Amino acid sequence: MSVSAAVQFLEQAAVLGWTAATAESLTGGLLCARLVDVPADLLATRGAVDPEVAQLMAQGVRRRLGADVGLATTGVAGPDMQDGRPPGTVHVAVVTPRSTQVRSLALDGDREHVREACVAAVLALALEALAR
């Protein structure tokens, strides 16, 4: 995980006077130990490994916790497939008062590497979102 990206994100959010909240699936607390409810019908239809699920997680945690920025991670860290999707299938989302950003990735590596790369990806997306 890129500590500098996390620091940059927190500094930029502070400059804007924004708070942040996270919802994680595959990273299990690596970004932050918070979970948020995701609409059950979408989960039943698509499973947790879906870009729209990531977006709804970010929107939900932002709304539920009253934060300005919502960050979400979902996907398959491995070692086994989940919902018919291979390890390394990752979706991250960032929702701010200005924009909604979702990024889908296909990451290589073991479980630890996928989780670390996922956190780096959501922090990079958050920095992009705050810079807009």
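If each residue's Cβ is checked for other Cβ atoms within 10 Å, how do 45, 89 rank with the fewest at the top? Please report the intermediate quantities before stating the final value.
Numbers: 45 11, 89 23.
So the residues, fewest neighbours to most, are 45, 89.
In which sequence would 83, 50 go, from the one with the fewest C-beta neighbours within 10 Å to the one with the most?
The order, fewest Cβ neighbours first, is 83, 50.
Fewest first, what order do 57, 81 take by the number of other Cβ atoms within 10 Å?
If I rank by nearby Cβ atoms, fewest first, I get 81, 57.
Using a Gaussian network model of the chain whose springs link C-alpha atoms within less than 10 Å, name the residue from 78, 88, 29 with the highest mean-square fluctuation.
29
The numbers here are math on the coordinates, done by the rules we state, and not lab data. All values reported here derive from a predicted model rather than from experimental measurement. Methodologically, a virtual Cβ is constructed for each residue, glycine included, from the backbone with ideal geometry; neighbour enumeration extends over all protein chains shown.
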